[in-house]
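> This structure is in structure tokens; I'll ask about it shortly.
The values are calculated or read from the model by the stated rules, or taken from the named source; none is laboratory data. Owing to the predicted nature of the structure, the values given are computational and were not obtained by experimental measurement. Note that each Cβ is placed from the backbone with ideal geometry, even for glycine, and that neighbours are counted across all protein chains shown.
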Amino acid sequence: MHGRHRPVVSPNAASIACGMAADQIPPFPDGAFGRVLCVVAHPDDVEYGASSAVAAWTTAGIDVAYLLLTRGEAGMDASPPDATAPLRMQEQIAGSREVGVSQVDFLDYPDGVLEYSLQMRRDIARAIRTYRPEAVLVGTWEVEFVVGLNQSDHRVAGLAALDAVRDAANRWVFPELLDDGLAPWSVRWLLVAGDPRPTHGVDVTGDAVGRGIASLEAHREYLAGIPGHPPAGAMISGITAMQGRAMGVRNAVLFRAFDFHSPPPIAREAMRAAEEAAASEMVPNGE
């Protein structure tokens, strides 16, 4: 979400947000990751649902840090950018604290007009090599997502972070990072929030969803400037309740997860097909 640039809601957004599927969405495996880096465009982006998962993770002893590409200076229509940026940074730090996150870093890309660039990929790869997370959480880069039509900064941030995950593991991409003492780091999991094709979920029933609500409420001045914005408690409770149905729990946050350390599904299917073909060739004709 981002001030005057809120997404355009599609008619079927509610059904998509439910994460409805034939099979129940599973949780992540126990011990899947111990450190998570959340990379988003603006202050408040993590707070629209994903922060409840962050609260669950930090309660379980998982370290989480935030990297924001902008300072949110273009997000409040009634406030000039030079006054808005420090306010939104303060609110983000306060909101992060509500879910157990103390490391919040801000880059200085221009809010509202993010452009995909090699510099942006380098900056995110630098953060990944510095923090060395097992998982990176991003917002979806799709034009249409669970809420409706996605905002341009969100799409740029998601795609740049996806590419930076691979960049961070390749010593020959941005070799100047090696000169700074930053060795390659291979992230295992990419967690995409807002994707309508979720693969995993986090049960946030109870304290976690309450802390997620508090993290959004910390953006007090920002939310006050959005006419008709629903109460944070009702909004986050409703979103997580809809997604909880897909996990069979009261409240959940859903993600599309990519495991970079496992073969892609098509490779497993191809190997299975090859084994079946080889086995059939060994059967004598007529049997």
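> Mind counting the residues in region 78-120 that are under 19 Å from residue 220 (Cα atoms) and assigned to a helix (DSSP H, G or I)?
Total satisfying the criteria: 18.
> Then there is this: Can you say whether residue 268 is more than 21 Å from residue 46 (Cα to Cα) and in contact (Cβ under 8 Å) with a residue 24 or more places away in the chain, as far as the supplied structure shows?
Values: more than 21 Å from residue 46 (Cα to Cα): yes; in contact (Cβ under 8 Å) with a residue 24 or more places away in the chain: no.
Against the criterion (more than 21 Å from residue 46 (Cα to Cα) and in contact (Cβ under 8 Å) with a residue 24 or more places away in the chain), residue 268 does not qualify.
> Another question, then. Residue 74 fails exactly one of the following numbered conditions: (1) closer than 22 Å to residue 195 by Cα; (2) surrounded by fewer than 24 Cβ atoms within 10 Å (Cβ to Cβ); (3) not charged (D, E, K, R). What is the number of that condition?
Tallying (1) closer than 22 Å to residue 195 by Cα; (2) surrounded by fewer than 24 Cβ atoms within 10 Å (Cβ to Cβ); (3) not charged (D, E, K, R), residue 74 fails exactly one: (1).
> I've got another one for you. Please enumerate the residues belonging to region 20-53 that are of a type in the set (A, V, I, L, M), part of a loop (DSSP other than H, G, I, E, B) and under 19 Å from residue 252 (Cβ atoms). Before the answer, list the steps.
Looking only at region 20-53, we keep the residues that are of a type in the set (A, V, I, L, M), and these are 20-22, 25, 32, 36-37, 39-41, 46, 50, 53.
Pick out the ones that are also part of a loop (DSSP other than H, G, I, E, B) and you get 20-22, 25, 32, 41, 46.
20, 21, 22, 25, 32, 46, listed by residue number.
> Can you go through 91, 73, 115, 98 and tell me which one is more than 20 Å from the chain's Cα centre (by Cα) and either under 18 Å from residue 226 (Cβ atoms) or not small (Gly, Ala, Ser) (or both)? Reasoning before the result, please.
Numbers: 91 fails: more than 20 Å from the chain's Cα centre (by Cα); 115 fails: more than 20 Å from the chain's Cα centre (by Cα); 98 fails: more than 20 Å from the chain's Cα centre (by Cα).
After applying the criteria, what remains is 73.
> Further question on the same structure: Which one of 170, 150 is under 16 Å from residue 44 (Cβ atoms) and not hydroxyl-bearing (Ser, Thr, Tyr)?
Numbers: 170 fails: under 16 Å from residue 44 (Cβ atoms).
Result: 150 is the single residue among 170, 150 that is under 16 Å from residue 44 (Cβ atoms) and not hydroxyl-bearing (Ser, Thr, Tyr).
> Need pairs with beta-carbon distance below 7 Å; first residue assigned to a loop (DSSP other than H, G, I, E, B) and within region 126-153, second among the aromatic types (Phe, Trp, Tyr); sequence gap 6+ or separate chains.
Once the first residue is assigned to a loop (DSSP other than H, G, I, E, B) and sits in region 126-153, its partners that are among the aromatic types (Phe, Trp, Tyr) give 132/185; 134/33; 134/189.
> Does region 124-155 hold any residues that are closer than 17 Å to residue 34 by Cα and aromatic (Phe, Trp, Tyr), and which are they?
Selection gives 131 alone.
> Still on this structure, please answer the following. When you go through 229, 200 one by one, which is the residue that is under 21 Å from residue 31 (Cβ atoms) and out of contact with any Gly (no Cβ under 8 Å at 6 or more places or on another chain)? I'd like the intermediate steps shown before the answer.
On the way: 229 fails: under 21 Å from residue 31 (Cβ atoms).
Result of the check over 229, 200: 200.
> Another question, if that's okay. Could you tell me whether residue 177 is in contact with a Lys or Arg (Cβ under 9 Å, 6 or more places away or on another chain), in contact (Cβ under 8 Å) with a residue 40 or more places away in the chain and not in a helix (DSSP H, G or I)? Walk me through how you get there before you give the answer.
Working: in contact with a Lys or Arg (Cβ under 9 Å, 6 or more places away or on another chain): yes; in contact (Cβ under 8 Å) with a residue 40 or more places away in the chain: yes; not in a helix (DSSP H, G or I): no.
So residue 177 does not fit the description; no.
> Among (1) under 29 Å from residue 130 (Cα atoms); (2) surrounded by fewer than 22 Cβ atoms within 10 Å (Cβ to Cβ); (3) of a type in the set (A, V, I, L, M, F, W, C), there is one condition residue 149 misses while meeting the rest; what is its number?
(1)
> I'm trying to understand the selection: among the residues of region 112-141, which are aliphatic (A, V, I, L, M) and within 20 Å of residue 62 (Cα to Cα)? Even if it seems obvious, please write down each step before you answer.
At the first step, the residues of region 112-141 found to be aliphatic (A, V, I, L, M) are 113-114, 118, 120, 124-125, 127-128, 135-138.
Scanning region 112-141 gives 127, 128, 135, 136, 137, 138.
> A further question on this structure: Can you tell me which of (1) within 16 Å of residue 212 (Cα to Cα); (2) outside any helix (DSSP H, G or I); (3) not charged (D, E, K, R) is the one residue 75 doesn't meet?
(1)
> Any residue at all in region 3-12 that's over 22 Å from residue 226 (Cβ atoms), part of a loop (DSSP other than H, G, I, E, B), modelled with pLDDT under 95 and under 17 Å from the mean Cα position of the chain (by Cα)?
Checking region 3-12: not a single residue is over 22 Å from residue 226 (Cβ atoms), part of a loop (DSSP other than H, G, I, E, B), modelled with pLDDT under 95 and under 17 Å from the mean Cα position of the chain (by Cα).
> Exactly one condition in (1) of a type in the set (S, T, N, Q); (2) closer than 18 Å to residue 121 by Cα; (3) surrounded by 19 or more Cβ atoms within 10 Å (Cβ to Cβ) is false for residue 215; which is it?
Status for residue 215: all satisfied but (2).
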